[in-house]
Every structure is written in structure tokens, then in C-alpha cells.
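Next up is a structure, given as C-alpha cells.
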Amino acid sequence: MTATANDPTGIDLQQAARDHLWMHFTRMGAYGADHPVPIIARGEGCYLEDSGGKRYLDALAGLFAVQVGYSYGDEIGEAAAAQMRELPFYTNWSYAHPRAIELAKRIADLAPGDLNRVFFTSGGAESVEGAWKLARQFHTANGERRWKAIGRDIAYHGTSMGALSITGVPGLRQPFEPLVPQVAHVRNTNRFRRPADESEEQFTQFLLDDLEHRIHSEGPDTIAMVIMEPVQNSGGAFTPPAGYFAGVRALCDEHGILLCADEVITGFGRIGDWFASARYDIRPDIITCAKGLSSAYASIGAVIASDRIAEPFQQGDATFMHGVTFGGHPVQAAIALKNLEIMEREQLPQTVRATEDAFRATLAQLLELPIVGDLRGTGYFYALELVKDSETNATFTEEESERLLRGFLSERLYDAGIICRADDRGDPAVQISPPLVAGQQQFDEIVTILGEVLTEASRLVGH
Ligand SMILES: Cc1ncc(COP(=O)(O)O)c(C=O)c1O
């Protein structure tokens, strides 16, 4: 890892980072004189540079977010500066302003079906919180009391208490229990290690039976919403089997349950459509989004509701009793509008769709390594599951996984000049999700670097 230069302000960035900056989900105690804090100082295209001048290929797009890459600061910055001059802030509490209106209309135009009402938030977790509260209040407005949510095993939906309660990762939940009560978790669409003779149709039925059983055991008329990512990130890019979302939609309809598609990652081009809900014909009542809406150039997210869900709130004195100061912030809305304009101009969702097969085929070369058991995903959103033995697909124990991912891979990948994520929220996986401006040159670079590092990792685990 490159040593860190001082900041132009004269601050010793390494020392100040260790003394003052509390990084998220980070073992702060791991940093010291011989183990510097990685300080990312600038970016260009798909590449980042640290404060010592070393370059990295960002194969994670920030955190699955920087769709346009890092080179649009001038253009997006102009839009932000113009908005700063015109109206640096106003709120959406009882007031509208032009950029929030324009962005709401733009999102409604891009969203599938009659998902026409947009409630702005500051990020993904806030969108998930908002969706759950909206679902509860929608049912109340219709004379029903329904409060529960159903999520999926290992799925990540954010860290605020409601979103965390929906999150299905035991290690993230446990330190904060008791959580918001009465969230049930059902099977996700991980098909790796399912019986070899199971057809896709049988797998779909198996998952739908599990959901149906859970709905009945919870009591259908207590459940406000089912929330699922179209392609589940945590655990490693689980795509839905054929017929799955049609079945989920049918079960929700049968029992009067709202269906929320959490598109915080999959929204805005990552899987080759503006929304994965369109690609998989999910027909959700609510979409939650954030990250790619502004390519993470701003902290803005949204809850997008269908006309049916919005309808009870458009009558008389009905009010959705929810709000955040920064929701629809004019500067952030201006940034998101410019980002969507750039994405449209550069045809990024279409490019992802046209390029995804080439990307997958390039990544598939890594399946030859004995440590790589599975390649999953779609669009620009993939995961490689690492295995102890590619003959049996046996996975690692917790200690082995700790040694492999945290003790070796995370740091080695970074040293080798690539940022992707070694994730152990499910079985160990390397997540690959580059900016949507990446092309064959970056795909090749990803495979070259990952190939070298995973070959070393294979040796380390005794292949
Ligand atoms: C599917 C999903 N939902 C919600 C969130 C939470 O988003 P945020 O970190 O912006 O709160 C994330 C974050 O990665 C996510 O992947």
C-alpha cells in the first residue's frame, strides 16, 4: 500500500485519519504505522488514485453506485453550482421546487408501469424505511392493520433500525437486537449447491412454496410488504430463476401484500435497463432506489410508488406522516438530473445490455481456477463464489474465510491495483460491479489482476 503524502493544508492525512475519521464497517484498530489507511484522493473514468499517486481500477463503482465513472465532475459540478446560485436549499416539506419536480417527473418517466409518485430520501436505507412506513400507512388508509415485512436470507437493505430489521445478515443484526419486531425472512434465489437434477422450474416452485408457507405461518393479513432485490447483492449476485417474480407477484396479490423491489443497486442501468423491475417484469407496487440515481455524486435516493399506492394519500386531509429535511434537496436533485441526462446521452443502460455477454465471457475465464466455484450475475453486476474444493464445491469454515478474505484477499487485491469486494456476508464471494462506462479493456484488466491474486489465494488454501 502506498504511503500517504501530506495534504496541501499541511495536515498529516494518515495521522488525522487515524485520530479523527471513523470509517464505516471498518476495523479501525487494524490501521497503524505499517498499515496505512487507504486514502483515495482523485478519480478519472473507471480509475482512482490514492494520496500517494498509485492508481486503482475501481471494479466496484464506489459501492455499486458510480454509474458514469469519475470524470463528470466538471459537467455535474456546473449543474450543482448553477443550482447553488439559484436556490441552494429548500425543503419538500409542504413546498415544491423546480428541480425536485423535474427529477420526480424524470424518474416517473423512466420507471416501469404506473410507478409515478416519487418521495425523495437521502439514501438507500432511508428509502427502505420510507417504503415500509408507506406500506403500513397505505394499509391503514384502507382500513387494515398490517405491519410485518418479509425479506430474504442474507439480503442487505441498510443499517437504520427498520432497514436493518429487514436485512437478513445475522452478523449485522445481532449487535443491535432487539430490532423492529416481526420481520420474517425467506429463502433467497441462491441456486449454487442445489441438487444437480433440480430443474429451474422446480427451483422456482421450491422458493415460492417457501414464501407461501411463510405468508401463511405469519398470518397473511398481518403482512404489509414483501421486499426483495431483483438481483440480490449480499451472498453474491443471486439472479431470479424464470417465473420467480411472477409467482411472488401472484402470492402478494392473492394476500393483499405490497411488493417492494429494492433497486438501490439494480436501479439506473446496472443490469442493462433503467430498472431491473422492467427487465424481470416484476411489477412492484414500490421501488426503493438511491446510489445510481446520481451516480453517487450526491446523497439522494427515492421511494417510487404506483398510482394505486399513492391514491389514498391524495384525498382530503390524508398525509403520509413521514419526511426528512434533505429529501429532494435542490442541489442534489440538480446533480441527479444531470447524471440521468449524461446516462441517457451516453446510452449507458443500452451499452450494459449490449456488453454484458462479453463481460460475463471474460469473467468466465476465472472459473478455471480451483478456488472459483461459481460465477453469478447479470449486466455489470457479478460475483465469483470462492470454494475450498471446486470438485465438491465445499465452502470454507468461518476461520478459513476470515483468513482468506480479511487476512489476504482484501489487502492483496488493493495492493494489486484493483478495488472489488471480498464479501463474507454469505459464503465467500468476490463482487465485481464496475462503473457502467467500463469496456473490454477494463474487463480484461479485471480478469488479469483477479486471476493473479486468486491464483495466489488458491495456493494459500492448499490447491
Ligand atoms: C439493496 C440495498 N438496499 C439498501 C441499501 C442501503 O443503502 P445506503 O447505504 O445508501 O443506506 C443498500 C446499500 O448497499 C443496498 O445494497
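The values are calculated or read from the model by the stated rules, or taken from the named source; none is laboratory data. For clarity, every value in this text was computed on a predicted model and none was experimentally measured. Quick reminder, even Gly has a Cβ in these numbers, built from the backbone with ideal geometry, and neighbours come from all protein chains shown.
So which of S277, S234 is within 16 Å of the ligand (Cβ to nearest atom), more than 28 Å from D424 (Cβ to Cβ) and touching a residue at least 40 places away in the same chain (Cβ under 8 Å)?
That would be S277, the only listed residue that is within 16 Å of the ligand (Cβ to nearest atom), more than 28 Å from D424 (Cβ to Cβ) and touching a residue at least 40 places away in the same chain (Cβ under 8 Å).
From A196, A149, which residue is of a type outside the set (D, E) and free of Cβ contacts under 8 Å to residues at least 24 places away in the same chain?
Going through A196, A149 in turn, just one is of a type outside the set (D, E) and free of Cβ contacts under 8 Å to residues at least 24 places away in the same chain: A196.
So, one more: Within the stretch 175-205, restricting attention to residues that are among the hydroxyl-bearing types (S, T, Y) and in a loop (DSSP other than H, G, I, E, B), which residue is farthest from the ligand (Cβ to nearest atom)?
Across the stretch 175-205, the extreme among qualifying residues is S199.
A further question follows. Can you work out which of the residues in the stretch 220-247 that are of a type outside the set (D, E, K, R), surrounded by fewer than 23 Cβ atoms within 10 Å (Cβ to Cβ) and over 21 Å from the mean Cα position of the chain (by Cα) is nearest to S306 (Cα to Cα)?
Top of the filtered list is A246.
Another question about this same structure. Checking S299 against (1) away from the ligand (no atom under 12 Å from the Cβ); (2) of a type in the set (G, A, S); (3) within 22 Å of S94 (Cα to Cα), only one condition comes out false. Which one?
(1)
Can you confirm whether L172 is part of a helix (DSSP H, G or I), within 16 Å of the ligand (Cβ to nearest atom), hydrophobic (A, V, I, L, M, F, W, C) and at pLDDT 95 or above? Steps first, please.
Values: part of a helix (DSSP H, G or I): yes; within 16 Å of the ligand (Cβ to nearest atom): yes; hydrophobic (A, V, I, L, M, F, W, C): yes; at pLDDT 95 or above: yes.
In short, yes.
So which of A100, A81, A125 ends up being under 20 Å from the mean Cα position of the chain (by Cα) and assigned by TED's automatic domain parsing to the domain that holds A278?
Result: A125 is the single residue among A100, A81, A125 that is under 20 Å from the mean Cα position of the chain (by Cα) and assigned by TED's automatic domain parsing to the domain that holds A278.
Failed condition for E341, given (1) part of a helix (DSSP H, G or I); (2) under 21 Å from the mean Cα position of the chain (by Cα), with all others met?
If we test E341 against (1) part of a helix (DSSP H, G or I); (2) under 21 Å from the mean Cα position of the chain (by Cα), just (2) comes out false.
Given L348, L363, L340, L367, which one is surrounded by 20 or more Cβ atoms within 10 Å (Cβ to Cβ) and more than 23 Å from L115 (Cβ to Cβ)? Walk me through how you get there before you give the answer.
Working: L348 fails: more than 23 Å from L115 (Cβ to Cβ); L340 fails: more than 23 Å from L115 (Cβ to Cβ); L367 fails: surrounded by 20 or more Cβ atoms within 10 Å (Cβ to Cβ).
Every option except L363 fails the conditions.
Okay, moving on. For residues in the stretch 172-188 being in contact (Cβ under 8 Å) with a residue 40 or more places away in the chain and farther than 21 Å from P240 by Cβ, which is surrounded by the most Cβ atoms within 10 Å (Cβ to Cβ)?
Looking at the filtered set, the residue picked out is L172.
Determine if the stretch 351-364 includes at least one residue that is in contact with a Pro (Cβ under 9 Å, 6 or more places away or on another chain) and either more than 16 Å from the ligand (Cβ to nearest atom) or polar (S, T, N, Q) (or both).
yes
Moving on to the next point. Quick one: R270 ticks every box in (1) among the basic types (K, R); (2) within 12 Å of the ligand (Cβ to nearest atom); (3) more than 23 Å from R152 (Cα to Cα) bar one, so which box is it?
Going through the list (1) among the basic types (K, R); (2) within 12 Å of the ligand (Cβ to nearest atom); (3) more than 23 Å from R152 (Cα to Cα), R270 breaks only (3).
Under 7 Å between Cβ atoms, at least 6 apart or on separate chains: pull out the pairs that start in the stretch 106-129 with a residue that is within 16 Å of the ligand (Cβ to nearest atom) and end on any residue that is among the acidic types (D, E) and assigned to a strand (DSSP E or B).
Pairs found: V128/D262.
Name, by its number, the condition in (1) of a type outside the set (A, V, I, L, M); (2) within 11 Å of the ligand (Cβ to nearest atom); (3) under 16 Å from G62 (Cα atoms) that does not hold for C260.
(3)
Can you find, within the stretch 18-43, the residue that is farthest from I419 (Cα to Cα) among those that are outside any loop (DSSP other than H, G, I, E, B) and either within 22 Å of the chain's Cα centre (by Cα) or in contact (Cβ under 8 Å) with a residue 40 or more places away in the chain (or both)?
If we take residues in the stretch 18-43 being outside any loop (DSSP other than H, G, I, E, B) and either within 22 Å of the chain's Cα centre (by Cα) or in contact (Cβ under 8 Å) with a residue 40 or more places away in the chain (or both), then G43 is farthest from I419 (Cα to Cα).
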